[in-house]
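Step one of this worksheet: look at the structure below.
The values are calculated or read from the model by the stated rules, or taken from the named source; none is laboratory data. Source: prediction; values computed, not measured. Positions of Cβ are generated from backbone atoms using ideal geometry, with glycine treated the same way; all protein chains shown enter the neighbour counts. Heads up: the accessible areas ignore ligands, DNA and RNA and are worked out on the full protein's heavy atoms, side chains in. Shrake-Rupley method; radii C 1.70, N 1.55, O 1.52, S 1.80 Å.
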Amino acid sequence: DGGITQSPKYLFRKEGQNVTLSCEQNLNHDAMYWYRQDPGQGLRLIYYSQIVNDFQKGDIAEGYSVSREKKESFPLTVTSAQKNPTAFYLCASSIRRTGDTDTQYFGPGTRLTVL
Amino acid sequence: GQQLNQSPQSMFIQEGEDVSMNCTSSSIFNTWLWYKQDPGEGPVLLIALYKAGELTSNGRLTAQFGITRKDSFLNISASIPSDVGIYFCAGQPYAGNNRKLIWGLGTSLAVNP
């Protein structure tokens, strides 16, 4: 059963702690993405990766870090430098080979609350 | 970052009514995507459009890629309560911006049974 999984669904952390959100896909997609969504807002791109061991900053990368050591996995770390980390985080993936259109498929999301 | 103009921002309709929403851009796109998001869940792809003028249906949903390549609309016919949610459009620019998706801010749909 192919798809994108994110864990956990809900995450609570104390202010000042780093936290890592998991994203795994078994769709054999090359590209993976992290978005942040705040209440009543659209999706804002944090980081994306088009190939293993390579990633680029999106529109709001400050206070976040990522790694792409495996094609299937793209974890996101929310660091203590992120000033307002409480949000709904969405992971997506797409085939995104050269010339392909970027049709993205999403995981179920992780809601992070920093206390 | 760049955003699409998506309208209306919200709609409240009676069950059985038809719904129409649209997205516009100042630049040319080569892909338009429509997603639906239920509360607390990730967006689900409804319809993907890859060619100017293309008209595609998915059940009661119909979407079109505008001829100018700068707009797209989504229609829902005979709405039902499970249509409730937020509908997002997304477009892929024809060039520039590393061709990353640009997103609308969403249309929130409420259906009165």
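General remarks:
- For the range A:84-107, the criterion of being away from every other protein chain (no Cβ under 14 Å), part of a loop (DSSP other than H, G, I, E, B) and surrounded by 15 or more Cβ atoms within 10 Å (Cβ to Cβ) is met by at least one residue.
- Note on the range A:27-53: residues that are of a type in the set (S, T, N, Q) and either within 14 Å of chain B (Cβ to nearest Cβ) or closer than 18 Å to residue A:113 by Cβ (or both) amount to 4.
- Residue A:77 meets all of the listed conditions (1) within 12 Å of the chain's Cα centre (by Cα); (2) in a loop (DSSP other than H, G, I, E, B) but one, namely (2).
- Single unsatisfied condition, residue B:46 versus (1) at pLDDT 95 or above; (2) of a type outside the set (Val, Ile, Thr); (3) part of a loop (DSSP other than H, G, I, E, B): (3)
- Among the conditions (1) in contact with a Pro (Cβ under 8 Å, 6 or more places away or on another chain); (2) open to solvent by 60 Å² or more (accessible area, probe 1.4 Å); (3) touching a residue at least 12 places away in the same chain (Cβ under 8 Å); (4) within 12 Å of chain A (Cβ to nearest Cβ), residue B:113 misses just one, which is (4).
- Single unsatisfied condition, residue A:56 versus (1) within 14 Å of chain B (Cβ to nearest Cβ); (2) open to solvent by 60 Å² or more (accessible area, probe 1.4 Å): (2)
- Some residue of the range A:23-31 being of a type in the set (A, V, I, L, M), within 17 Å of residue B:90 (Cβ to Cβ), modelled with pLDDT of 95 or more and surrounded by 13 or more Cβ atoms within 10 Å (Cβ to Cβ): no
- Answer residue from the range B:2-38, given it is out of contact with any strand residue (DSSP E or B) (no Cβ under 7 Å at 6 or more places or on another chain) and either modelled with pLDDT of 95 or more or within 15 Å of residue B:88 (Cβ to Cβ) (or both) and is surrounded by the fewest Cβ atoms within 10 Å (Cβ to Cβ) among those: B:16
- Qualifying positions in the range A:68-83 - more than 24 Å from residue B:35 (Cα to Cα) and open to solvent by 40 Å² or more (accessible area, probe 1.4 Å): A:69, A:70, A:71, A:80, A:81, A:83
- For the range B:76-91, the set of residues classified as within 13 Å of chain A (Cβ to nearest Cβ) and surrounded by fewer than 20 Cβ atoms within 10 Å (Cβ to Cβ) consists of B:86 only.
- Matching residues in the range B:39-75 - criterion: being more than 13 Å from every other protein chain (Cβ to nearest Cβ) and open to solvent by less than 30 Å² (accessible area, probe 1.4 Å): B:53, B:61, B:63, B:66, B:72, B:74
- Test: residue in the range A:2-12 that is open to solvent by 10 Å² or more (accessible area, probe 1.4 Å) and farther than 19 Å from residue A:109 by Cβ: no
- No other residue among A:112, A:45 is under 24 Å from residue B:108 (Cα atoms) and in contact with a Pro (Cβ under 8 Å, 6 or more places away or on another chain) apart from A:112.
- Residue A:111 vs. criteria over 16 Å from residue B:101 (Cβ atoms) and either within 9 Å of chain B (Cβ to nearest Cβ) or aliphatic (A, V, I, L, M) (or both): yes
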